[in-house]
1. Arg194: net charge of surrounding residues, Cβ under 13 Å, Lys/Arg +1, Asp/Glu -1, itself excluded?
2. Read phi for every residue in segment 195-208 and hand back ³J(HN,Hα) as whole Hz from Karplus 6.51 cos²θ - 1.76 cosθ + 1.60, θ = phi - 60°, with x for Gly and Pro.
3. Would you please name the trypsin sites (Lys or Arg not before Pro) within segment 66-121 that are DSSP coil residues with at most 10 other C-beta atoms within 10 Å of their C-beta?
4. Between Val160 and Asn108, what is the spin-label point distance in nm, taking each point 7 Å from the Cα along the Cα→C-beta axis?
5. Mind checking which aspartates and glutamates have their C-alpha under 17 Å from Lys178, skipping anything on the same chain fewer than 8 residues away?
6. Arranged by the count of other C-beta atoms within 10 angstrom, fewest first, what order do Leu235, Leu211, Leu68 take?
7. Along Cα→Cβ, 7 Å out, is where each label goes; now give me the distance between the ones at Glu215 and Asp98 in nm to one decimal.
8. Between Glu34 and Gln175, what is 0.36 nm times their sequence separation minus the Cα-Cα distance? Round to one decimal in nm.
Amino acid sequence: MKKLPYILLTLLVTQVLAPPLPAGSEGYHPPVAETFPDLLMPVNLRHLNIRNPSVTAIVRIGTDGEILDHVVISASHAQLIGPAERALKFARFQPAHDETGTLVADLNLEVHFRDPGREIAGTIAMSVTDHIDENIQGLAHTQPAMQMSLPDELDKPLSVSGDGEILVPVDADDQPVKGRAVIELYVDAQGIPRLPKILVSDHPAITKAALHRIEGLRFEPPTRNGLPTVVKARLPFNFD
């Protein structure tokens, strides 16, 4: 009877943004934003006078300039996250490239919101973001900024709530492959793994099987002081 691969969850103790996926080189050029929607401060938040209203996300840009995945790691206010994530769907980027061609790469992106009331005194500016359900307007004072947390700042240790499908790695001759892989990823506020990156792998088939497993994994949503947060983790996968 074959042993099933297992995972052991190990949390990072440092808060470091993921570098671009390709190895650095003298000819490397990171991705650049070409178009991005102009975002206005939601009307129900303008009275809060939030300084530098913004959302910071790490986005993975594909070779065609499209966003493959993203994770929000901080926000001036929780209610800015939704509009920022919707805006990402309309953003277009010039992909990273080097002398070999275009590359998949990660980009640390800050999404800023304009407050028309601060820019033009006495002028009322309207946008689609102004039409917000009155039921949530009263929540503006109760939802503080969201930020990335260190593992020891979580209310409880990160834990897996749903397992991914197990794919047995095999080689070109369809023979089982034994080995190990370590994947670094972010767990977002909903407990969904984001931006997986292979740190160590003994075989391409091991890499494929580990990434396949990640797709189906779900975690208990991480919290800090009872509020949603994001945390970075490393998952070792052993295939015996």
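Every read-out reported here was derived from the displayed coordinates using simple, explicitly stated rules and does not represent laboratory data. The structure presented is a predicted model; accordingly, all values stated were derived computationally and were not measured. When we count neighbours, we look across all protein chains shown, and the Cβ atoms used for this are built from the backbone with ideal geometry, even at glycine.
1. -2
2. So the Karplus estimates, Gly and Pro as x, are 6, x, 9, 6, 9, 9, 7, 7, 6, x, 5, 5, 4, 4 Hz.
3. Qualifying residues, ordered by number: Lys89.
4. 3.1 nm
5. Answer for Lys178, where 17 Å is the Cα cut-off: Asp202, Asp240, listed by chain and number.
6. Going from sparsest to densest Cβ surroundings: Leu68, Leu211, Leu235.
7. It is 2.7 nm.
8. 46.2 nm
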